[in-house]
Every structure is written in C-alpha cells, then in structure tokens.
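Trainee: Shown below is the structure under consideration.
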Amino acid sequence: MKIERKVPLIIQKLDALLRRISPTHPKIQRIKEELRKRSSGHRGEESSDFHLSYLPENRYFILNGLRLPDEKGHFFQIDTLILSTSVFLLLEVKNYSGMLTFDQNTKQLIREIDDREDIFPDPITQVNRQQNQLSTLIQKAKFPQIPIIPFVVISNPRTGFRTLSNQPDITKKVLHAATLPERIEGISLRFQKEIVSQKDVKRLSRLLIKKDTSLDTNILEQFGLDQSEITRGVHCPSCYKIPMMRLRGKWSCAYCESIYKDAHIHTLYDYALLIDTTITNKQCTEFLQTSRSIAKGLLISQNLPFTGSYKDRKYHLPSPNSL
Ligand SMILES: [Zn+2]
C-alpha cells in the first residue's frame with residue numbers, strides 16, 4: 001500500500017501568495033526564497049519515492065509526509081515511513097547539493113558549495129529523535145515493539161558525504177536515494193522474524209494516517225503581510241494573470257485569451273489558502289471583484305456547506321488540506 005505524496009500545503013500557500021502580491025513588493029524575494037527551499041525539499045522527497053517504487057509492493061506499506069503529535073504535544077515530521085511485518089524504516093530525505101561533512105562531535109552538518117560553507121543541524125540527530133518519538137507513539141498505541149531503523153537519505157546523486165577523521169562510520173545511517181531498494185532488501189533479510197501480522201500493520205497505518213496533521217500556517221502572518229496587500233480578482237488558471245473578465249457567464253483572460261467557466265473556483269481556493277476557509281457573500285464579491293449577484297450565484301452553485309442565517313451566511317470553502 002502506498003499513500004501518494006501531496007504537494008505540501010505550505011507550497012500551495014506560497015504559490016497562491018506569489019501570484020497575488022505585487023512583483024515589486026519589498027518582501028517578494030523572501031517569499032520566493034522560501035518557496036525555492038520548500039520546493040527543493042519536496043522534489044528530493046519525490047525522487048526518493050521514485051527509487052522506493054522498485055520495492056515489492058506486497059511486502060511494504062509506505063506512508064509519506066506524516067506530521068504526528070508526540071507525547072509533549074509537539075509535532076514531529078517523517079518524510080517517509082516504510083512498514084513491514086518485521087521491521088520499520090524511517091527516512092529523512094535531504095535534497096542538498098555540494099559536499100556534506102557530518103561532524104558528530106558538534107552535531108552539525110557542514111555543506112561546502114561554490115566556495116562557501118553552510119551549517120545545518122545534524123540530520124542524524126534529527127532522525128534518531130524521530131525514531132524515539134515514533135517508538136513512544138507506537139508503544140502508547142499498544143502496538144508490539146518492532147525495530148525502527150532510521151536513515152538520512154541524500155536525494156541528489158551528485159552530492160558527496162563524509163565524516164571528520166576519527167569519527168564513527170556513518171554509512172549505516174546515511175545513504176543515497178538510488179541505493180534504497182537494495183539497502184531495504186538487505187535489512188529485510190536481517191530482520192526476517194515476523195513480529196506483527198499484516199493486519200496489525202494495516203491497523204497501525206490507519207492510526208498514523210488518522211493522527212497525521214498537516215501544518216496549517218497563516219502565511220500572511222508569517223511574512224507580516226496585511227490582507228490589503230493581496231491582489232483581488234479572478235486569476236487565469238492558465239497564465240495566472242489577474243483579473244479575468246466576466247463575459248456571457250464565463251471568465252475570459254485578456255492576456256492569453258483562455259476562457260473558463262469555473263476560474264472562480266481556483267480563486268476561491270486562493271482565498272482559502274491565504275485568508276480564511278469561510279467566506280461571506282460580501283467578502284466573495286470583493287475578492288472576485290464582481291457584482292453581488294454574480295458572487296451570490298457562484299457561491300450557491302458550488303453547493304458549499306454553510307452556517308449562519310440568510311443575511312450573514314458563511315460558506316465553508318474546501319479545506320486547503322483536501323485541495
Ligand atoms: Zn491567461
């Protein structure tokens with residue numbers, strides 16, 4: 001069983017923000033840089049998913065991008081969790097380029113690239129902590145104790161890694177994504193004893209999926225932006241220009257000449273991603289930059305659930321998590 005990896009909510013929010021903020025806004029570079037970092041991480045995870053697709057499907061359950069609560073009420077994230085009846089594997093995927101040095105004394109990762117050095121927290125420490133947090137969660141769920149093996153996965157095949165001299169070997173903990181299938185098969189030969197049944201593994205995966213909570217940040221707050229800085233109007237789903245014109249019951253783009261019947265739905269998603277997951281008729285009129293009666297007609301035609309009486313009715317937009 002495999003759970004498809006969704007585009008993380010934060011990437012959807014940054015995309016929506018970038019198409020709805022002036023290209024000359026002083027914070028635009030910061031927003032672009034954040035999107036670049038997040039997208040690079042996501043691409044790294046997707047490339048590791050590609051290598052995992054070579055594993056025999058009937059033996060492993062693969063869960064992607066979990067964000068789970070620990071016993072202190074904090075959340076921890078697992079890029080990929082591979083479950084079998086004899087052993088679990090926990091992967092932390094890093095899409096770094098350059099040359100990486102794992103310094104196990106200072107617990108830092110030093111990356112050399114283009115004649116400069118960047119320092120990151122040690123991913124081995126990070127993945128060991130996730131292993132403990134997951135182990136506690138599994139124990140609390142009265143699930144039998146099963147070995148959990150953590151790995152740091154380097155997704156870029158051109159990235160080198162090493163330790164400082166006299167430090168213990170890290171190749172048991174750090175590997176390149178392309179070697180995942182053979183490493184996992186090797187581990188499953190070492191852990192042949194079945195500890196739980198297939199049914200138990202399914203039950204645990206269902207529990208983890210239930211506990212999975214995506215991080216839902218308020219993106220405007222994160223960048224210190226005000227709602228008034230967000231461009232209103234229906235965006236073109238093809239070229240992303242704003243606004244589209246309403247002509248004979250359809251949306252028309254003056255830039256790329258696309259015509260859409262339902263472009264407003266994409267704009268309402270942007271509203272949900274950037275501002276709020278509920279919307280009134282008045283807010284919809286303003287955000288779509290259309291007339292009250294058109295906004296009302298469009299909201300009603302979406303068959304959205306709503307609360308409140310006729311006058312102050314709030315329509316509930318699809319949760320960004322489900323987009
Ligand atoms: Zn267009």
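The values are calculated or read from the model by the stated rules, or taken from the named source; none is laboratory data. Because the structure is a prediction, the values reported are computed rather than measured. FYI the Cβ positions are ideal-geometry reconstructions off the backbone, even for glycines, and counts take in every protein chain you see. Ligands, DNA and RNA are excluded from the accessible area calculation, which covers all protein heavy atoms including side chains. Shrake-Rupley method; radii C 1.70, N 1.55, O 1.52, S 1.80 Å.
Trainee: Given the stretch 168-323, report the % of alpha carbon pairs whose separation exceeds 18 Å. Each step should come with its number before you reach the end.
Mentor: Working: 8608 of 12090 pairs.
Tail of P(r) above 18 Å: 71 percent of Cα pairs.
Trainee: How much mean residue ellipticity at 222 nm does the chain get from its helices, if each DSSP H run of length 4 or more adds -39500 (n - 2.57) and you divide by all residues, to the nearest 500 deg cm²/dmol?
Mentor: Details: 9 runs with 113 residues, N = 323.
-11000 deg cm²/dmol, from helical runs alone.
Trainee: Nearest-5 percent of antiparallel DSSP beta bridges in the stretch 84-201?
Mentor: Values: 11 of 25 bridges.
So the antiparallel bridges amount to about 45 percent of the total.
Trainee: So what are the three principal axis dimensions of the stretch 1-129 from its Cα atoms, in whole Å, longest to shortest?
Mentor: Rounded to whole Å, the extents work out to 55, 39, 35 Å.
Trainee: Which three numbers, in whole Å and largest first, are the semi-axes of the equivalent ellipsoid of the stretch 48-114 derived from its Cα gyration tensor as √(5λ)?
Mentor: On the way: eigenvalues 143, 75, 25 Å².
Listed largest to smallest, the semi-axes of the stretch 48-114 are 27, 19, 11 Å.
Trainee: By DSSP, what percent of the beta bridges with both residues in the chain are antiparallel, rounded to the nearest 5? Walk me through the intermediate numbers first.
Mentor: On the way: 33 of 48 bridges.
Restricted to the chain, the bridges split so that about 70 percent are antiparallel.
Trainee: To continue, here is another question. Which three numbers, in whole Å and largest first, are the semi-axes of the equivalent ellipsoid of the chain derived from its Cα gyration tensor as √(5λ)? Mind showing how you got there, number by number?
Mentor: On the way: eigenvalues 372, 125, 60 Å².
Sorted largest first and rounded, they come to 43, 25, 17 Å.
Trainee: Also: When the dipole is taken about the Cα centre of the chain, and only Lys, Arg (+1) and Asp, Glu (-1) are charged at their Cβ, what size is it in debye, to the nearest 20? Can you show the working numbers first?
Mentor: Numbers: 48 positive and 35 negative charges, 228 e Å.
I would put it at about 1100 debye.
Trainee: Next question, about the same structure. Any idea which of ALA272, GLY308, ILE209 is furthest toward the positive side of the dipole for the stretch 171-323, if Lys and Arg beta-carbons carry +1 and Asp and Glu beta-carbons -1?
Mentor: In the stretch 171-323, that residue is ILE209.
Trainee: Give me the accessible area per residue for the chain, probe 1.4 Å, as a whole number in Å². Provide the component values of the computation, followed by the final result.
Mentor: Numbers: 17590 Å² over 323 residues.
I get 54 Å² per residue for this part.
Trainee: Separate question: Of the listed pairs LYS173/LYS202; LYS6/LYS37; LYS6/LYS241; LYS142/LYS202, which have alpha-carbon separations greater than 20 Å here? Before the final figure, lay out the partial values.
Mentor: Numbers: LYS173/LYS202 27 Å; LYS6/LYS37 17 Å; LYS6/LYS241 25 Å; LYS142/LYS202 14 Å.
Violating the 20 Å Cα-Cα cut-off are LYS173/LYS202; LYS6/LYS241.
Trainee: Averaging the inverse of every distinct alpha carbon separation and then flipping it gives the Kirkwood radius. What is it for the stretch 232-322, in angstrom units? Intermediate results must be reported in sequence, preceding the final value.
Mentor: On the way: mean 1/r = 0.0754 Å⁻¹.
Final number for the Kirkwood radius of the stretch 232-322 is 13.3 Å.
Trainee: Among 303-316, 130-143, how do they line up by average Cβ neighbours within 10 Å per residue, starting with the highest? Could you put the intermediate results ahead of the total?
Mentor: On the way: 303-316: 12.0, 130-143: 15.7.
The peptides rank, most packed first, as 130-143, 303-316.
Trainee: For the stretch 213-257, what size does the Cα cloud have along each of its three principal axes, sorted from largest down, in whole Å?
Mentor: Extents along the principal axes, in whole Å: 39, 27, 18.
Trainee: Would you kindly calculate the mean projected area, averaged across all directions, of the convex hull enclosing the Cα atoms of the stretch 78-221, in square nanometres? It would help to have the intermediate numbers written out before the result.
Mentor: Details: hull surface 45.3 nm².
Its average projected convex-hull area is 11.3 nm².
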